[in-house]
Amino acid sequence: MNTFFDRIESPFGVIYLLLKDGKKLAGVSFGQRPQGVKRGAAPALLISEFNAYFAGGLREFKSPVVLLSGTQFEQDVWLCLREIPYGGTRTYKWVSERVGRPGASRAVGQALSRNPIPLVLPCHRVIESNGGLGGYSPSVEIKRRILDMEYYHSLLDRPADAFLPRS
């Protein structure tokens, strides 16, 4: 397997990208360099997608991803995350119901803690039913900052009159 890593700067610090066969994104890590793989160059499209995402101009990643780990349940949870819209949130319960395992909210939380491709598979958009943030592997503070970034960028998508008082 031809796997390498590249790094990008983000508003949240250095992010390492793990790539398989030079084309498919297999991992995203906040500040932790992947061990046992050499450095390479990520595809220009992937780098431009991340830069556009951080600038507020990208709502959904299109670059190919590959899941190199995880049980079928975990992979179902991770892929379900793409259904959560940019700037929005869903609950652990919502995810458990989407993957056909109602009542498995805790198992969803465990699966999310092992998400190998955060941001692209947006586990940061999953919160507790009571509105609490829940956990996030990089840190809850980074989760809050990402959610704030997406929320404020999503306001730009609204028509100007959406902010006027209704009479």
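Read the figures in this text as sums done on the coordinates, not as results from a lab. No experiment lies behind these values; they were computed from the predicted model shown. Quick reminder, even Gly has a Cβ in these numbers, built from the backbone with ideal geometry, and neighbours come from all protein chains shown.
Report the extension gain between Arg145 and Arg7 in nm, rounded to one decimal, defined as 0.36 nm multiplied by the number of residues separating them, less their alpha carbon distance. Write out the running numbers ahead of the final one.
Numbers: separation 138, 0.36 × 138 = 49.68 nm, distance 2.02 nm.
Full extension of this stretch gives 47.7 nm more.
Using equal-weight Cα scatterers in the Debye expression, the normalised intensity of the stretch 81-140 in log10 at q = 0.25, 0.29 Å⁻¹ is -1.11, -1.48.
The share of Cα pairs per 5 Å bin across the chain, counted from zero up to the longest distance, runs 1, 8, 17, 20, 19, 16, 10, 5, 2, 1, 0, 0, 0 percent.
I want to verify the translational diffusion coefficient of the stretch 25-68 in µm²/s; compute it with Stokes-Einstein, Rh as the Kirkwood radius over Cα pairs, at 20 °C and 1.002 mPa s. List each step's numbers first, then the result.
Values: Rh = 12.0 Å.
Calculated translational D: 179 µm²/s.
Every helix of 4 or more DSSP H residues in the chain counts as -39500 (n - 2.57), and over all residues that averages to -9500 deg cm²/dmol at 222 nm. Considering all different alpha carbon pairs of the stretch 3-55, the Kirkwood hydrodynamic radius works out to 11.0 Å. Rounded if a/c is under 1.5, else prolate if a/b is larger than b/c, else oblate: which is the stretch 1-90, with a ≥ b ≥ c the root eigenvalues of its Cα gyration tensor? Oblate, since a/c reaches 1.5 and b/c is not below a/b.
Fully extending the segment from Tyr152 to Lys23 would add 43.3 nm, taking 0.36 nm per residue of separation and subtracting the current Cα-Cα distance. Net charge near Gly100: determine it from the other residues with C-beta under 15 Å of the C-beta of Gly100, scoring Lys and Arg +1 and Asp and Glu -1. Neighbourhood net charge equals -1.
Of the GluC sites (Glu not before Pro) found in the stretch 58-167, those that fall in a DSSP loop while having at most 11 other beta-carbon atoms within 10 Å are Glu60. Restricting attention to the chain, lysine pairs at least eight places apart or on different chains and with alpha-carbon atoms under 28 angstrom apart total 13. Subtracting the Cα-Cα distance of Arg101 and Tyr86 from their residue separation scaled by 0.36 nm leaves 3.0 nm. Sites counted here are trypsin sites (Lys or Arg not before Pro) in a DSSP loop (not H, G, I, E or B) having no more than 11 other Cβ atoms within 10 Å; the longest part of the chain that contains none of them is 63-165.
The Cβ shell under 12 Å around Arg39 holds other residues with a net charge of +2, Lys and Arg each +1, Asp and Glu each -1.
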